[in-house]
Structure formats: C-alpha cells, structure tokens
Amino acid sequence: MAKVRCEWCIGQEIYEKYHDEEWGEPVYEDQLLYELLLLESFQAGLNWLTILKKREQFREAFDQFDYQKISKYTNEDVFRLLNNEKIIRHRGKIEASITNAKGFIKIQDEYNSFSKYIWKYVDKEPILNSFSKLNQVPSQTELSQNISEDLRKRGFKFLGPTTIYAFMQASGMVNDHLTYCFKHKKSV
C-alpha cells in the first residue's frame with residue numbers, strides 16, 4: 001500500500017525522504033536546530049529542494065554545522081565559502097551564519113540551551129494544524145513574526161517571519177502535514 005503524502009513533496013525522492021523522515025518531526029537537540037536555522041536562512045528566496053540537494057556540501061563546508069566553530073569564522077572563512085561552488089555563495093547569508101552562531105551561543109548561555117528558548121514559544125509541544133489543502137498552509141504566522149522579531153533584536157540575520165515559519169515546520173514546532181498525509185496524526 002502506497003503512502004499518501006503531502007503533495008508538495010511528491011515526485012522527488014530526496015523530497016519524499018525528507019518529508020517522511022524529518023519534516024515536522026520535533027527537534028530538541030541544539031546542534032540540529034542550528035543546522036536547520038542555517039539551512040533555512042540560506043533557503044530564503046530559493047526553493048527548499050535546492051538546499052536539500054546541497055545539504056551534504058553545506059555540512060562539509062560549514063564544519064558539520066558546528067556553531068562553536070562557525071562563531072569563530074574569520075574573513076578567510078567567508079572568502080573560502082564564497083569560493084565554494086558546491087554551496088549557495090551569498091555573502092550576506094554566509095556572514096549571517098557566523099552572526100547567528102554567535103547569537104545562538106548567547107541564547108544558550110541565557111536559557112541553558114537554544115532548544116529551551118525556541119520551544120517555550122509553543123509551550124514545549126508541537127502545534128498540530130489541520131489543513132486539508134496546500135493553499136491553506138500559511139507562509140508565516142503571528143507567532144513566527146514574534147520569534148523573528150525577538151531574534152532580530154538579538155542580532156540574528158536572514159531569519160524573517162516566513163523563514164522562521166519554515167524553520168518551525170522543519171523542526172516540528174508546528175505540524176503542517178496535510179490531514180490526508182500519513183504523517184499528520186503521527187504521535188511522536
């Protein structure tokens with residue numbers, strides 16, 4: 001019996017695998033949360049499939065998404081990344097990854113983990129939405145606007161409300177699997 005999936009992922013094996021195994025699954029580990037923040041910030045203005053296809057190259061280029069190392073990147077690292085044809089070469093996004101790593105660490109210091117900070121916005125429980133059509137899923141919400149605003153005040157870059165909502169979906173803070181999808185009511 002074939003799995004019934006959200007329509008946005010159908011037709012691309014890498015998309016279907018991401019949908020089935022990751023998207024909407026709650027992520028509480030800081031390292032994975034930073035990875036998602038970095039990837040989502042690079043996705044801004046692009047197609048998520050583009051990022052997924054380059055994910056391993058990003059992992060290699062950005063020291064396995066080690067935010068401690070990334071927070072110490074220098075101009076030489078920025079230059080190295082700008083010359084890496086395997087990733088998205090956007091100076092602003094590369095510099096934002098460094099700035100955001102520093103902000104990430106400050107939040108960890110304040111809350112003992114980034115996870116505690118970000119999950120407080122949803123009372124530590126994923127929001128389960130019940131959309132039956134793709135066009136019902138919002139690109140941003142009041143909550144994603146609030147989180148984005150707080151992160152911006154903390155110095156984060158390239159994490160506007162739409163990007164934050166995509167991060168919330170990817171990290172499982174919100175479950176936007178369509179009601180007909182086999183992942184919609186999956187208990188975690």
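The values are calculated or read from the model by the stated rules, or taken from the named source; none is laboratory data. Since we're looking at a predicted model, the values are computed, not measured. Quick reminder, even Gly has a Cβ in these numbers, built from the backbone with ideal geometry, and neighbours come from all protein chains shown. Just so you know, the surface numbers come from the protein's heavy atoms only, side chains and all, with ligands and any DNA or RNA stripped out. Shrake-Rupley method; radii C 1.70, N 1.55, O 1.52, S 1.80 Å.
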Original post:
Working out 0.36 nm times the residue gap between LYS102 and ASN146, then minus their Cα-Cα distance, what length gain in nm do you get to one decimal?
Top reply: 13.8 nm
Original post:
Out of the range 85-130, which GluC sites (Glu not before Pro) are coil in DSSP terms and have no more than 15 other C-beta atoms within 10 Å?
Top reply: GLU85
**OP:** Can you pull the one-decimal nm distance between simple spin-label points at GLN12 and GLU125, each 7 Å off the Cα toward Cβ?
**Re:** 3.4 nm
Original post:
How much accessible area per residue does the chain have, in Å², with a 1.4 Å probe?
Top reply: 53 Å²
**OP:** Only loop residues by DSSP count here, and only those with at most 13 other Cβ atoms within 10 Å; note down the trypsin sites (Lys or Arg not before Pro) in the range 102-170 that meet that.
**Re:** LYS124, LYS133
**OP:** Starting from 0 in steps of 10 Å, tell me what percent of the Cα-Cα pairs of the chain lands in each bin.
**Re:** 9, 37, 36, 16, 2, 0
Original post:
Of GLY92, GLN12, TYR121, which is farthest along the charge dipole of the range 1-147 in the positive direction, counting Lys and Arg as +1 and Asp and Glu as -1 at C-beta?
Top reply: GLY92
Original post:
Using unit Cβ charges (K, R positive; D, E negative) and no other charged atoms, how large, in debye to the nearest 20, is the dipole of the range 145-186 about its Cα centre?
Top reply: 120 debye
Original post:
Which order, highest average first, do 22-34, 48-60 follow once you tally other Cβ atoms within 10 Å for each residue and take the mean per peptide?
Top reply: 22-34, 48-60
Original post:
What full-extension length gain, to one decimal in nm, is calculated for ALA2 and ASP63 as 0.36 nm per residue of separation minus the Cα-Cα distance?
Top reply: 18.2 nm
**OP:** Specify, per residue and in Å³, the volume enclosed by the convex hull of the alpha carbon atoms belonging to the range 71-173.
**Re:** 116 Å³
**OP:** Determine the relative contact order of the chain: mean sequence separation of Cα pairs under 8 Å and six or more apart, normalised by residue count, in whole percent.
**Re:** 33 percent
Subject >> Distant-in-sequence amide H partners of GLU25 (H built 1.01 Å from N, under 5 Å) >> reply: GLY172
Subject >> Nearest-20 debye value, the range 48-95 charge dipole, Cβ charges on Lys, Arg, Asp, Glu >> reply: 200 debye
